[in-house]
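Asker: Right, I'll just put the structure down here and ask away after.
The values are calculated or read from the model by the stated rules, or taken from the named source; none is laboratory data. Given the structure is predicted, the values throughout are model-derived calculations rather than measurements. Cβ: placed from backbone, ideal geometry, glycine included. Neighbour counts: every protein chain shown. These area figures cover heavy atoms from the full protein model, side chains too; ligands, DNA and RNA do not enter into them. Shrake-Rupley method; radii C 1.70, N 1.55, O 1.52, S 1.80 Å.
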Amino acid sequence: MRVIGLMSGTSYDAIEAAAAELRLDGDELVMSLLGARSLPWPEELRHGIGAVLPPAATTVEAVCRLDTLIGQAFADAAVDAVEALCSGAADLVVSHGQTVHHWVEDGTVRGTLQLGRPAWIAEATGLPVVSDLRSRDVAAGGQGAPLVSAVDTLLLRGRPGVAAALNLGGIANVTVVPRAADPVAFDTGPANALLDAAVRHFTGGTRHYDEDGRGAAAGRVDAGLLALLLEEPYYRRPAPKTTGKELFHLPYLLAALAARPVPELADVLATLTRLTAVTVADACRAHGVTELVVSGGGTRNPALMSAIDAELPGVRVLTSDAVGLPADAKEALAFAVLGFLTVHGLPATVPSCTGARHTSLLGSITPGRTPLDLPPPAAVAPTRLRIVPAPVSSRRLGSSQCSPSTTSPAWRNV
């Protein structure tokens with residue numbers, strides 16, 4: 001089955017589209033990568049998303065408009081992916097949508113909202129669409145995140161020592177997969193969320209992020225500001241736990257800077273980069289991690305990757321490219337897997353990772369142009385993910401190709 005995964009994370013800088021051929025082979029899920037695309041949001045729509053994110057006030061009209069406009073943008077990305085990555089023929093689209101709110105009270109997730117109507121995708125592509133993948137886990141008492149923990153577990157199970165997967169988006173999340181115990185997953189804290197907020201604020205919106213980590217590399221860590229930020233109670237809460245821009249947003253950062261002024265942007269960025277590295281490292285040490293497989297947009301920030309590496313001496317730090325999953329496309333591919341499991345009647349959550357009472361079938365299915373024809377329910381749930389080269393006839397060459405890189409930095413191999 002050719003499946004397209006669509007993802008836009010908490011940084012909302014682009015829609016990530018990835019395609020893979022997926023099949024079940026006994027207790028293995030076999031993935032052939034077909035490629036990936038990154039499609040930047042139109043600036044006006046990107047601004048609209050930012051305008052409704054917490055702690056901003058908004059209106060039902062604004063949310064309704066965004067729900068349609070985001071759905072249309074995802075539909076355009078799906079059409080592009082069908083042609084560019086799947087030679088014009090795909091079987092299923094899985095859409096994460098754009099998270100605009102994650103409702104958490106006293107550590108309990110009450111609800112989660114992702115915008116982007118799947119009907120626009122189904123109408124544009126004619127394909128069935130799996131969407132709203134987080135809500136069922138929340139209804140079962142879970143955090144609704146990190147849902148990629150199910151794929152991390154399939155990918156890392158059986159690796160030596162204590163392997164963990166780290167995703168560096170707006171928020172950093174980690175999945176720890178011990179050899180002889182249940183996996184655990186949680187959000188460690190901010191990755192790019194506060195960095196991006198600082199850059200936008202200090203530059204008056206002329207820049208959106210710390211490109212290549214150059215700002216952080218030019219600055220010095222302010223020990224007082226770092227100590228103040230590390231007092232955040234979230235870091236001491238036990239897993240499973242999730243967070244988002246409901247907590248780590250610009251007013252949060254400005255309140256810290258009011259208490260501990262740091263005038264230079266470079267020093268603020270250096271401090272925030274160290275904050276992410278310290279909180280990630282603390283989480284890894286608490287669970288005895290010996291190997292850390294990193295993905296997400298943060299892997300393109302050498303200052304952040306070097307800071308994490310320095311905080312974890314003795315831990316092998318590498319990007320997910322080294323284990324077969326392109327670091328920039330991993331989350332989109334993970335959601336493709338979750339939707340594939342759904343249409344095969346297979347649950348796609350790990351209760352020890354999300355905190356749910358039980359595992360669940362995820363998402364809602366929007367039919368395409370033809371009557372919905374689901375595969376027969378699978379008899380065996382996969383326990384491992386095996387990544388294989390795509391058939392020659394399926395490979396799409398050029399800039400859209402997203403195959404494991406042989407030149408990606410391995411960071412530390414010990």
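Asker: When the residues of region 9-25 are filtered to those that are modelled with pLDDT of 95 or more and surrounded by fewer than 19 Cβ atoms within 10 Å (Cβ to Cβ), which remaining residue is farthest from the chain's Cα centre (by Cα)?
Answerer: For region 9-25, the residue satisfying everything is Asp25.
Asker: Filter region 130-148 down to residues that are within 13 Å of Pro347 (Cβ to Cβ) and open to solvent by less than 10 Å² (accessible area, probe 1.4 Å) and give me whichever is nearest to the chain's Cα centre (by Cα).
Answerer: Top of the filtered list is Leu147.
Asker: (1) over 27 Å from Ala56 (Cβ atoms); (2) open to solvent by less than 10 Å² (accessible area, probe 1.4 Å); (3) touching a His at 6+ places or on another chain (Cβ under 9 Å): which one isn't true of Pro178, the others all being true?
Answerer: For Pro178, the failing item is (2).
Asker: Got at least one residue in region 194-207 being closer than 30 Å to Arg357 by Cβ, in contact with a helix residue (DSSP H, G or I) (Cβ under 9 Å, 6 or more places away or on another chain), surrounded by fewer than 23 Cβ atoms within 10 Å (Cβ to Cβ) and modelled with pLDDT under 95?
Answerer: No, region 194-207 contains no residue that is closer than 30 Å to Arg357 by Cβ, in contact with a helix residue (DSSP H, G or I) (Cβ under 9 Å, 6 or more places away or on another chain), surrounded by fewer than 23 Cβ atoms within 10 Å (Cβ to Cβ) and modelled with pLDDT under 95.
Asker: Is there any pair linking a residue in region 176-201 that is within 27 Å of Pro351 (Cα to Cα) to one that is assigned to a helix (DSSP H, G or I) and among the acidic types (Asp, Glu), with Cβ under 8 Å and at least six apart or on different chains, and which?
Answerer: Val177/Asp152; Pro183/Asp152; Ala185/Asp152; Thr188/Asp282
Asker: Small (Gly, Ala, Ser), in contact with a helix residue (DSSP H, G or I) (Cβ under 8 Å, 6 or more places away or on another chain) and surrounded by fewer than 18 Cβ atoms within 10 Å (Cβ to Cβ) - does that describe any residue in region 59-81?
Answerer: Yes; the residues of region 59-81 include at least one that is small (Gly, Ala, Ser), in contact with a helix residue (DSSP H, G or I) (Cβ under 8 Å, 6 or more places away or on another chain) and surrounded by fewer than 18 Cβ atoms within 10 Å (Cβ to Cβ).
Asker: Out of the residues in region 88-130 meeting the condition of being part of a loop (DSSP other than H, G, I, E, B) and among the aliphatic types (A, V, I, L, M), tell me which one is nearest to Pro371 (Cα to Cα).
Answerer: Leu127
Asker: Tell me, yes or no, whether region 261-283 has at least one residue that is farther than 22 Å from Arg237 by Cβ, in contact with a Lys or Arg (Cβ under 6 Å, 6 or more places away or on another chain) and open to solvent by 30 Å² or more (accessible area, probe 1.4 Å).
Answerer: yes
Asker: From the list Asp187, Asp152, which residue is surrounded by 20 or more Cβ atoms within 10 Å (Cβ to Cβ) and assigned to a helix (DSSP H, G or I)?
Answerer: From the options Asp187, Asp152, the qualifying one is Asp152.
Asker: For residues that are assigned to a helix (DSSP H, G or I), open to solvent by less than 70 Å² (accessible area, probe 1.4 Å) and not β-branched (Val, Ile, Thr), tally how many sit in region 36-53.
Answerer: Residues in region 36-53 being assigned to a helix (DSSP H, G or I), open to solvent by less than 70 Å² (accessible area, probe 1.4 Å) and not β-branched (Val, Ile, Thr): 5 in total.
Asker: Ok, one more. If you go through region 311-361, how many residues are among the hydrophobic types (A, V, I, L, M, F, W, C), farther than 24 Å from Leu374 by Cα and not in a helix (DSSP H, G or I)?
Answerer: Qualifying residue count, region 311-361: 8.
Asker: Has region 291-305 got any residue that is in a helix (DSSP H, G or I), without any contact (Cβ under 8 Å) to a residue 12 or more places away in the chain, out of contact with any Phe, Trp or Tyr (no Cβ under 8 Å at 6 or more places or on another chain) and surrounded by fewer than 18 Cβ atoms within 10 Å (Cβ to Cβ)?
Answerer: Looking for residues that are in a helix (DSSP H, G or I), without any contact (Cβ under 8 Å) to a residue 12 or more places away in the chain, out of contact with any Phe, Trp or Tyr (no Cβ under 8 Å at 6 or more places or on another chain) and surrounded by fewer than 18 Cβ atoms within 10 Å (Cβ to Cβ), one finds none in region 291-305, hence no.
Asker: Given the condition under 25 Å from Leu254 (Cβ atoms) and either in contact with a Gly (Cβ under 6 Å, 6 or more places away or on another chain) or open to solvent by less than 30 Å² (accessible area, probe 1.4 Å) (or both), answer yes or no: does some residue in region 158-169 qualify?
Answerer: Yes - at least one qualifying residue is present in region 158-169.
Asker: Something else: Name, by its number, the condition in (1) hydrophobic (A, V, I, L, M, F, W, C); (2) closer than 29 Å to Val109 by Cα; (3) in a loop (DSSP other than H, G, I, E, B) that does not hold for Leu254.
Answerer: (3)
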